[in-house]
Amino acid sequence: MNQPLHIDGLDRASVLPNRPLHLAVGMFDGVHLGHQAVIEAAVQSARCSGGLSAVLTFHPHPSAVLGSPNPTRLIMDPPTKARVLFGLGVDAVVTQPFTPEFAKIEAQEFLPWLRQRLPQLAGLYVGQNWRYGAGRRGDVGTLVAAGRAAGLSVFSAPRVNFDGEPISSTRVRALLEAGEIGSANALLGATYCAEGVVIPGRRLGHSLGFPTLNLAWTPELKPRLGVYIVRVAGPKSPVPLPAVANYGLRPTVGSSSEPRLESHVLGPCPFNQGDTITVEWLRFLRPEAKFDGLEELKAQIAKDVAAAKAYF
């Protein structure tokens with residue numbers, strides 16, 4: 001395949017080329033190092049056999065459908081996840097809607113249901129703790145047995161540890177909510193990013209001498225509010241540009257109902273309204289605070305900029 005495919009649901013998977021399919025299956029929220037071990041196994045197997053590598057993932061999170069009082073908030077939306085997966089060399093991503101009907105599929109019915117939609121399926125790749133089927137009654141053991149009976153290979157990747165503890169999406173979420181961006185990036189094996197279109201702002205930063213890029217970005221899982229050292233990337237710059245960003249409610253100038261991400265590039269800025277940019281989060285500087293007027297706010301921003309310049 002020359003161009004990777006992002007397919008909305010298995011009912012549309014007939015567009016996949018008729019080649020042996022090596023399929024990694026899971027939520028893969030965040031695509032952290034543990035997920036990457038599963039996905040890379042599928043990619044390598046496909047390359048060695050002349051087959052096709054694909055990922056089957058789901059949206060929304062099952063907890064949002066199965067009546068959990070506190071549904072899991074996702075680190076990534078489907079387009080961002082697909083982009084990251086394609087960066088790992090995957091040929092196709094299938095985002096299957098997780099619906100009440102899908103949740104009722106029994107574990108013993110799952111593999112026949114899958115093969116009906118993917119007749120070219122040659123191998124399945126999952127994490128060691130993956131569960132599937134109604135009531136999560138299926139596990140790796142039942143999948144291996146079902147695969148053997150159907151003539152399919154099943155690969156189970158062991159959990160990947162960091163600092164003596166297994167890497168998990170839950171652990172990454174907790175780090176992001178605590179502002180521990182360096183540790184989160186270590187578990188992700190990549191830099192946590194926010195992607196979106198630059199939208200108009202109130203130009204307050206410009207009037208204070210620190211113009212900002214306001215990003216249209218509303219993640220489910222919101223990182224800790226505060227000031228971060230970041231880099232800003234986009235088609236107009238061949239390399240990511242050093243910057244400092246505020247992610248918060250802006251209590252000094254009239255609190256917002258939703259957090260906003262505003263980035264100040266530390267040098268000449270080629271980006272304008274309407275441009276699509278990526279903000280790469282590198283280090284947490286300080287929590288968001290309310291200041292006694294614009295002069296105090298301006299003085300603190302100057303300190304934040306100085307700290308970011310020292311970092312770079």
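Label separation (His6 vs Ala289): 4.0 nm, computed from points 7 Å beyond Cα along the C-beta direction. Ratio of Rg to Rh for the chain: 1.03 [Cα atoms; Kirkwood radius as inverse mean 1/r over pairs].
The C-alpha atoms of region 161-274 occupy a region whose extents along the principal axes are 48, 35, 21 Å, arranged from largest to smallest. Computed over the alpha-carbon pairs of region 69-161, the distance histogram in 10 Å steps reads 13, 39, 41, 7, 0 percent, short to long. Helix 169-178: angle to the longest alpha-carbon principal axis of the chain, degrees 0 to 90, nearest 10? That helix lies at roughly 10 degrees to the long axis.
Entry note, the chain: relative contact order of 16 percent, from Cα contacts under 8 Å with a spacing of 6+ residues. With the simple spin-label model, which puts each label point 7 Å out from Cα in the Cβ direction, the Ala145 to Asp275 separation comes to 5.8 nm. Exposure check, 1.4 Å probe, all protein chains in place: Lys222 carries approximately 70 Å² of accessible surface.
Note on Tyr125: accessible area is roughly 10 Å² with a 1.4 Å probe, heavy atoms of protein only.
In the chain, what percent of the accessible surface is made up of carbon and sulfur (1.4 Å probe, ligands and nucleic acids excluded)?
Roughly 53 percent of what the probe reaches on the chain is carbon or sulfur.
Let me have the 222 nm mean residue ellipticity of the chain computed from DSSP H runs of 4+ only, each contributing -39500 (n - 2.57), with the sum over all residues rounded to the nearest 500. Roughly -9000 deg cm²/dmol at 222 nm, from the helical runs in the chain. Projected onto its three principal axes, the C-alpha set of region 116-189 covers 46, 25, 25 Å, listed from the longest axis down. Note: relative contact order over region 1-129, using C-alpha pairs below 8 Å and six or more positions apart, is 41 percent. Computing FRET efficiency as 1/(1 + (r/R0)^6) for Ser207 and Lys309, where r is the C-beta to C-beta distance and R0 is 35 Å, gives about 0.95. Spacing of the modelled spin labels on Lys236 and Ile199, each 7 Å from Cα toward Cβ, amounts to 1.9 nm. Over region 5-59, calculate the relative contact order: mean separation of alpha carbon pairs under 8 Å at least 6 apart, over the residue count, as a percent. Once divided by the residue count of region 5-59, the mean separation gives 43 percent. From the alpha carbon centroid of region 269-292 to that of region 53-92 is 25 Å.
The values are calculated or read from the model by the stated rules, or taken from the named source; none is laboratory data. Not measured: the values here are computed from a predicted model. No Cβ is skipped: glycine too gets one built from the backbone with ideal geometry, and neighbour counts run over all protein chains shown. Just so you know, the surface numbers come from the protein's heavy atoms only, side chains and all, with ligands and any DNA or RNA stripped out. Shrake-Rupley method; radii C 1.70, N 1.55, O 1.52, S 1.80 Å.
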